1. Measuring with a 1.4 Å probe in the full set of protein chains, what accessible area per residue, in whole Å², belongs to region 1-93?
2. For region 5-76, just say rounded, prolate or oblate: build the C-alpha gyration tensor, square-root its eigenvalues into a ≥ b ≥ c, call rounded for a/c under 1.5, and beyond that prolate if a/b exceeds b/c, oblate if not.
3. Gain in length, MET244 to SER212, computed as 0.36 nm per residue apart minus the alpha-carbon separation, to one decimal in nm?
4. Between ILE8 and SER46, what is the spin-label point distance in nm, taking each point 7 Å from the Cα along the Cα→C-beta axis?
5. Ranked from highest to lowest mean number of other Cβ atoms within 10 Å per residue, what is the order of the peptides 299-312, 246-259, 86-99, 185-198?
6. For region 373-392 and region 78-97, what is the centre-to-centre distance using only Cα atoms, to the nearest Å?
7. Could you look at region 231-350 and say what percent of its accessible area is carbon and sulfur, using a 1.4 Å probe and all protein chains?
8. How would MET244, MET217 line up by accessible area, probe 1.4 Å, largest first?
Amino acid sequence: NNSGVLTIWLNITNTTTNVYLDIFNSTTNTLSSSGTSGIGEAPQLSSSYAQYDDGASVFSNYWNFAGTTLPTGWDSIYSGYTINNGISFIGTQTNYIETSSTYPTDQIAEIYENLTSVNPGGFAYAISSTGGQYNNSAGWTVGSGAGNLYNGALDDPRASDEGAAVNGAFTSVSNPAWSGSQVQGIAIQSTGTYIYHNYEAYSTTTATSATSAYIAMGGTNGNPSAAFTAYWVRTRAYPPNGVMPSVSFGAVLRPLNLTISPNPATYGQAVTLTATCPLSTDTCAIDYPSLGTAIATGTGSATYTYNAFSLGVGAYSSFYANDITLGTNSIGQTLTVNKASVSPSCSFAGVSIANATTQQTFAAQNYLNCTMPNHNSQLTVNLYYNSSIVKSGASVSYLTKFDNYNNSFTYN
């Protein structure tokens, strides 16, 4: 969000709903496609198309045209479009798709697209007087002029009028305000059928009594041709009784937060997890490996420490801060434990050896001292002399005579 305004769509089912805004560290990824934790985003916004798209969990019906084939529930009426993480309608030929079944018209149908040329062509609630879906064999024409899905001017056998369509009637892209990326919507109400551009009504037509309709979109090779790419199509409910919810703000609370320190950790380090809940009176928990499995609880906060050497190398997911009182949870976090880099150290120390009987001092000899860092007594150092192991342990010493020939020492 760089605009200063962040629009968030919520699927609210209760008359009164508490919505909590948590403030996270700027390095925390709060995006999720699950629809139940974190926040989703429109499919075209992530580096991998639809990586964090949770639209299907939010809207009554939702399609993002991910992949290269039509999604379930849509039929190809006239080919010529292309699907590749979004659907593109090519202006040099007729291309048209429609839902396989009808949807209640007591919903707002919307499309998000990038327009390049838009006259004729568009997005519509398609209403068939015979109750059947438009198709190649039945034939149909819908309206005329700018903004209609099909202008009836093509040389083909589709001659009879089988119904009507309420179109998201695009105006010409010669108007800069109507080119580029935008949201088009259609709403059928008792007072009229409204066409929306970026959520603002810009035209209305005569109301229809149709209670259900197909959803259609496409373009033709008219003059000018219709060309645009759509990234999602959805239907969403009207506000209850036509009234938008009222909003009131409560107290500013500390966020529901989970910290893991250190993360990533190195094998042998102690790791501490701390959950902080919004209210100091809330029952707070750290959950792992799933929500509802508490490894620590507390009032207002909870802390759990993995002692040194208790976690092996690997990734541990997901840990959650869980506010049991409010029934909310944080974004899941993964703890990573990396391999420790451990190696023995060895050094020579020269000494003079005295003969116990004659007190005669011999030439200097060498001690080879090797020490393995104490890693919970799990590792030992092995010392080899001329390819034969002579010592093994956490700390070893080996006395060797200083000779005038090469001696080979190896340790691991």
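1. 63
2. oblate
3. Between MET244 and SER212, full extension yields 9.1 nm more.
4. Taking the simple label geometry, ILE8 and SER46 are separated by 1.8 nm.
5. 86-99, 185-198, 299-312, 246-259
6. Here the answer is 70 Å between Cα centres.
7. On region 231-350, the fraction of accessible area on carbon and sulfur atoms equals 52 percent.
8. Highest to lowest solvent-accessible surface, that is MET244, MET217.
The values are calculated or read from the model by the stated rules, or taken from the named source; none is laboratory data. As the structure is a prediction and not an experimental result, all values here were calculated from the model. Note that each Cβ is placed from the backbone with ideal geometry, even for glycine, and that neighbours are counted across all protein chains shown. Remember, those area values only see protein heavy atoms, side chains included, never the ligands or the DNA or RNA. Shrake-Rupley method; radii C 1.70, N 1.55, O 1.52, S 1.80 Å.
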